[in-house]
Each structure stands twice: as structure tokens, then as C-alpha cells.
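As C-alpha cells, the structure follows; a few thoughts come after it.
The values are calculated or read from the model by the stated rules, or taken from the named source; none is laboratory data. Just so you know, these numbers come straight off a predicted model, no measurement behind them. Counting neighbours? That spans all protein chains shown, and the Cβs are built from the backbone with ideal geometry, glycine included. Each accessible area value is taken on the protein alone, full model and side chains, heavy atoms only, with ligands, DNA and RNA left out. Shrake-Rupley method; radii C 1.70, N 1.55, O 1.52, S 1.80 Å.
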Amino acid sequence: MSAFISTIRPASIFTIIAGTVLFAGTARAATTLQNMQAAFQGESNAHTRYLAFATHADKEGYGEVASLFRAAARAEQIHANNHAAVITELGGTPTANIETPSVKSTRENLEAAIKGETYERDTMYPEFLKQARADKNKSAIKSLNFAKTAEGEHAKLYAAALNGLDGLKNTRAMTYYVCPKCGFTARSITFEKCPSCFTPKEQFEKIS
Ligand SMILES: [Fe+2]
Ligand SMILES: [Fe+2]
């Protein structure tokens, strides 16, 4: 070993150090890549789950709630697409295993949806953002922040629907507004530009 060290040239030491730095950088990027894959998996499944919840809400006569589920489903699809672009940028292939949704009563579906959104807003996205900031990955930070903000809005909208569920029986579909860039979701347009990504209000998608 000592013989090896004694014959090592400065250029080789530099190469080893550079290699170590490169390896460390690659390891961090892989973690953000794994996080983006996990987020892509979560958003893709949320999209499928909310569409199933919407169909069931319609069957139970909660037309307004069905519209909310469809609007949130569209937002989750936008998040999945945004995350997929980051995964591709990092050299990965977006991969999601779509599970069959567990559909219960609309009340229980709302409770499950609130739980999922709260976890993403308070735990999952903050952790992924911490790693993305450490990696200085601007694309990941942007995509994760867009999703985190929208999930916060979804949690509020679902909580309001759950609180007023008795009054939402026998309601018809209503229009929700979804930002095509970040998935921000609103019951009405009370702003000129998206509060999260500043997309002009005219570009918002109407989902009912
Ligand atoms: Fe959401
Ligand atoms: Fe937006």
C-alpha cells in the first residue's frame, strides 16, 4: 500500500479527487431522481384514484364533489407530467405502477383524499424539496413546489366538501379551474394570474 502511495503522481491524486466529487454528485442526483420517480408514482396513482372517486360520487348523487375529484385528478396529471419531464432531464424513464383504487363511500373517499394530500403537502414534498435544494436541481424544485402548493389547495377543497357533505347530496356538476402549468385548483377565479406560477387566468382549464 505504501509503495502504491509513494508512486502516485499529483495528476493521479487530482483524478481520484475529481472522481470522488463526481461520484458524490451523481449519488445526490440519483436520490432526487428516485424522489421524482416516487412523486411521479404518487401523482399518477392519485390521478387514477380521483377519477374512480368521481365516478362513485356521481353514483351517490354528489355531483359537485365528483367535479372536485375530476379537477384534482387533472391537477395530479399535470404534476405527473411535470415530474416526468424532470425525470427525463435526469436521464431516467418515468415509471409508474398503477394500482387498482380502493373506492368506498364518498365520505370515506374524501377522508382518504385529505389524508393523502396532507401527507404530500406536509411530509413528502418538503422532504423531496430539501434534497432537491441540496442538489441545486432547479427543475425538480420548481416541479415539487408546484405540486406541494396545489396539494395544499386540494386538501382545503376536500375538507370543505367533507364538512358540508350533507348539503352536497343531489347537486349537479360544477366548474372548477385548474392551472395548466402547475395544477393550482380553484372554485372560482379571484386572481389575474395563478397565485402559484403566475400563468394568466385566461389559460386556466375549466373542469366540471
Ligand atoms: Fe392533489
Ligand atoms: Fe399555476
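Observations, loosely collected:
- Answer from Lys142, Lys148 - the residue that is modelled with pLDDT of 95 or more, among the charged types (D, E, K, R) and touching a Lys or Arg at 6+ places or on another chain (Cβ under 7 Å): Lys148
- For the range 178-208, a residue qualifies if it is surrounded by 15 or more Cβ atoms within 10 Å (Cβ to Cβ), touching a residue at least 40 places away in the same chain (Cβ under 8 Å) and of a type in the set (S, T, N, Q), and the qualifying residues are Thr185, Ser196.
- All of (1) more than 13 Å from ligand 1 (Cβ to nearest atom); (2) of a type in the set (Ser, Thr, Tyr); (3) out of contact with any Asp or Glu (no Cβ under 7 Å at 6 or more places or on another chain) hold for Ser139 with one exception: (3).
- Take the conditions (1) modelled with pLDDT of 95 or more; (2) in contact with a helix residue (DSSP H, G or I) (Cβ under 7 Å, 6 or more places away or on another chain); (3) under 23 Å from Ala134 (Cα atoms); Thr31 misses just one of them, which is (1).
- Evaluating Ala112 against the criteria (1) of a type in the set (A, V, I, L, M, F, W, C); (2) more than 16 Å from ligand 2 (Cβ to nearest atom); (3) more than 17 Å from Phe69 (Cβ to Cβ) leaves one unmet condition, (3).
- Checked against the criterion of being open to solvent by 30 Å² or more (accessible area, probe 1.4 Å), among the hydroxyl-bearing types (Ser, Thr, Tyr) and away from ligand 1 (no atom under 16 Å from the Cβ), the candidates Thr118, Thr175, Thr123, Thr106 yield just one match: Thr175.
- Among the residues listed as Ala147, Ala159, Ala134, the single one being small (Gly, Ala, Ser) and surrounded by fewer than 15 Cβ atoms within 10 Å (Cβ to Cβ): Ala134
- Matching residues, the range 79-106, being in a helix (DSSP H, G or I), touching an Asp or Glu at 6+ places or on another chain (Cβ under 9 Å) and farther than 15 Å from Asn45 by Cβ: Asn82, Thr106
- Residues in the range 56-77 that are farther than 16 Å from Gly164 by Cα and buried (at least 24 other Cβ atoms within 10 Å of the Cβ): Ala71, Ala72, Ala75, Glu76.
- For first residues located in the range 134-159 and more than 13 Å from Met36 (Cβ to Cβ), partners that are more than 16 Å from ligand 2 (Cβ to nearest atom) and β-branched (Val, Ile, Thr) and lie 6+ apart or on another chain with Cβ distances below 8 Å form the pairs Ala155/Ile114; Ala155/Thr118; Tyr158/Ile114; Ala159/Ile114.
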